[in-house]
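Enquirer: Here you go, one structure.
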Amino acid sequence: MRTMLAFIAAAAALSSAATAATPPKPYGAVPTARQVKWHEMELYAFVHFTTNTFTDKEWGFGDEKESVFNPTAFDADQITRTVKEAGLSGLIITAKHHDGFCIWPSKYTTHSVKNSPWKNGKGDVLKEVSEACKRQGIKFGVYLSPWDRNHAEYGRPAYVAYYKNQIRELLTNYGPVFEMWFDGANGGDGWYGGAKGTRKIPENYYDWKGVVSLIRQLQPDCAVWCAEWKDGKRFMFNDAIWGGSEQGHVPEVCWSTASTALGPKRGGTRGGDVWCPSEGDVSIRPGWFYHAGQDRQVKSPEKLMQIYFESVGRGANLILNIPPDRRGIVHENDVKALRGFRKLMDGTFGNDLAKGAAATASNIRGKDAKSFGPQNLTDGSRDSYWASDDAVATPDATLEFKAPVTFSIVRIREAIRLGQRVDDWAVDTWQDGEWKEFAKGTAIGACRLVRGGMVTTTKVRLRITKSPVCPAIAEFGLFLEAKPAGGGSAGETGATDSISKAKWKVLSTSFDATGKNGAGAIDGNPETMWQTHGDDGERPPPQEIVVDMGGTVNVKGFSCLPRQDGCPHGIVDKYEFYLGDDGRTWSKAAEGEFANIRANPILQTVALAMPKKARYFKFVATHVIEKNHVAVAELGIIADSVQTNKGAEK
Ligand code: FUL
């Protein structure tokens, strides 16, 4: 059924041809019509917006008062216009994040906008945003966190019924929803209706099978992201899976197929029995929610381009988070970076240099050039394609230009309705009377982008070098990458306000397995750590480190960089932070959790409720996400200035 359209189109073209060639048989798993449409969306926005925006948190505990949600100048049109003008095809908004607060007036809970002061409780963010999306001509999607730290029944059957009721509300009241996003963070501690504690969820708790059939029944065109479950020995996949990091990129070789026997795998599984492509997710800022402290850490247009190449350019989709601020609009710095990004995208992809080239091929399926000839490679359509005879799995196609063209980027698309067919490919350019390889790679799928050096040539050749069946290539484009304008955005991820550590000394640690008395945590080198896993075993939290800053400092906050080597062992997710004047007596200045640190192990910054002068600080790791020891790459202090006044020092 899915390939029917392609068959019909090919058959129509053939009716006049003398030798009617039949289209290639699909190879392996093929996408559903819903997935084909999803692939065409390529790049869309995430919009993280809830009480966290106002409490400066990444994960709310679930006990936030409804009254904190009060944007001062909420403007759904500004948000959707920003998304549209950035060239994005839609947005997915956090209808409910892990804290359970609903930004629409759900019938099933009081923990929502209806009890907030915003618009006197008459507001509905989803209604305004979905309508603004329609006005802007972009698609609307929702994120409904399965984990709910507010709900009293979380972990028990009643919550699942509540959850399904909310899905019903979302899919019946706000028009077409193109994607539902189901987060993987599940279970753990929370407020849970005041009971406070930790809830573990039983296996198959959410009844994903029931949830997915409810979605299919209400909105059959809605793509379901994640919500995987195990049915006996098999994994059941939906329309797309997580790209595997919160940095946006997916592995360089990323297959759009997955295996129900092996389960979800980063980069997909070649030859897997289901079509299940990856979606990479990333925030334009370090955090998912807006924090004023990150205003200077908005990703630059060039960085966004790079992420695009490493996600969309590897056959995945990319969801780029643009979090509204406390006014309820997208901050100026983010708008500026997105404008710069759009400029780079248009400047690069606005002009396909392959258009108008004369195309030839070493083999054309059934010699039927009209249906399967290489001119289909440059017609701008993902439906028509160049294909070879079944017996010819490694053909090549050449584009020839009347005048030399200069390009630096190649874009290849397979006709994915016929499956992911090609393993290996290469691209050559004609240089001084011979072919020179420009790029080569493995896997194509819906879109493969290669950024190479700038070349000028009159001929470009696409070679299929390994494929189990004849290829079906829909598009072959050539582009010249636009130059960044410079100064496009405010800053780059990683910038901090930390003060110099030149005068710092570690006074003591409860233990340090490196034998360096905690020095690894203050040496400015993320590769060295303070850690408590010795040869004789692990020292569990709580573990502490006391630092002398060498002078009195007006401490506004602190930062903690988790280990950056990709290993989750010992990463701290709960802490206490103390300040003092003598290194012996302390007052607690902060206590809390580093939320979402497993999926996104970035620099954590904590602002103190009140700045406080101190010479010493004590950091206590009270809980870690994995194993029974503590591992910290760096600690930093955010402060006004170091006072050199002797009198202020003890
Ligand atoms: C994560 C969540 O825990 C984060 O808070 C965020 O929503 C991100 C997109 O997914 O796993």
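The values are calculated or read from the model by the stated rules, or taken from the named source; none is laboratory data. Everything numeric in this text was worked out from a predicted model, so none of it was measured. Cβ coordinates were reconstructed from backbone atoms using ideal geometry, including for glycine residues, and neighbour counts include every protein chain displayed.
Enquirer: Hey, could you check segment 564-593 for residues that are within 15 Å of Gly636 (Cβ to Cβ) and touching a residue at least 40 places away in the same chain (Cβ under 8 Å) and say which is surrounded by the most Cβ atoms within 10 Å (Cβ to Cβ)?
Expert: Val572
Enquirer: Is it the case that segment 325-339 has a residue that's within 16 Å of the ligand (Cβ to nearest atom) and either buried (at least 24 other Cβ atoms within 10 Å of the Cβ) or assigned by TED's automatic domain parsing to the domain that holds Leu126 (or both)?
Expert: So far as segment 325-339 goes, no, none of its residues is within 16 Å of the ligand (Cβ to nearest atom) and either buried (at least 24 other Cβ atoms within 10 Å of the Cβ) or assigned by TED's automatic domain parsing to the domain that holds Leu126 (or both).
Enquirer: Additional query: Being within 30 Å of Ala33 (Cα to Cα) and among the hydroxyl-bearing types (Ser, Thr, Tyr) is the filter here, so list the residues in segment 428-464 that pass it.
Expert: Of everything in segment 428-464, just one residue is within 30 Å of Ala33 (Cα to Cα) and among the hydroxyl-bearing types (Ser, Thr, Tyr), namely Thr442.
Enquirer: Show me the strands (runs of 3 or more DSSP E) entirely contained within segment 129-245 in which 2 or more residues are at pLDDT 95 or above and surrounded by 21 or more Cβ atoms within 10 Å (Cβ to Cβ).
Expert: 139-144, 179-181, 223-225
Enquirer: Could you check, for segment 542-561, whether at least one of its residues is modelled with pLDDT under 90, farther than 25 Å from Gly293 by Cα and either in contact with a Pro (Cβ under 6 Å, 6 or more places away or on another chain) or more than 16 Å from the ligand (Cβ to nearest atom) (or both)?
Expert: no
Enquirer: Considering only residues that are without any contact (Cβ under 8 Å) to a residue 40 or more places away in the chain and buried (at least 24 other Cβ atoms within 10 Å of the Cβ), which ones fall in segment 42-65?
Expert: Hits for segment 42-65: nothing passes.
Enquirer: Another one. Against the definition (of a type outside the set (Phe, Trp, Tyr), surrounded by fewer than 22 Cβ atoms within 10 Å (Cβ to Cβ), more than 16 Å from the ligand (Cβ to nearest atom) and without any contact (Cβ under 8 Å) to a residue 12 or more places away in the chain), how does Asn120 come out, yes or no?
Expert: For Asn120, the condition - of a type outside the set (Phe, Trp, Tyr), surrounded by fewer than 22 Cβ atoms within 10 Å (Cβ to Cβ), more than 16 Å from the ligand (Cβ to nearest atom) and without any contact (Cβ under 8 Å) to a residue 12 or more places away in the chain - is met.
Enquirer: In addition: Would you please name the residue that is surrounded by the fewest Cβ atoms within 10 Å (Cβ to Cβ), looking only at residues in segment 358-397 that are in contact with a helix residue (DSSP H, G or I) (Cβ under 8 Å, 6 or more places away or on another chain) and hydroxyl-bearing (Ser, Thr, Tyr)?
Expert: Thr360
One line per residue, one yes/no per condition, for (1) in contact with a His (Cβ under 8 Å, 6 or more places away or on another chain); (2) assigned to a strand (DSSP E or B); (3) of a type in the set (A, V, I, L, M, F, W, C):
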position	(1), (2), (3)
Phe46	no, yes, yes
Ser67	no, no, no
Asn70	no, no, no
Ala73	no, no, yes
Asp77	no, no, no
Lys84	no, no, no
Gly87	no, no, no
Ile92	no, yes, yes
Asp99	no, no, no
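Enquirer: State all residues of segment 269-305 that are away from the ligand (no atom under 16 Å from the Cβ) and either at pLDDT below 95 or not in a loop (DSSP other than H, G, I, E, B) (or both); if no residue qualifies, say none.
Expert: Val274, Trp275, Ala292, Gly293, Asp295, Arg296, Gln297, Pro301, Glu302, Lys303, Leu304, Met305
Enquirer: Still on this structure, please answer the following. Does Arg421 count as more than 13 Å from Gly477 (Cβ to Cβ) and of a type in the set (D, E, K, R)?
Expert: Yes.
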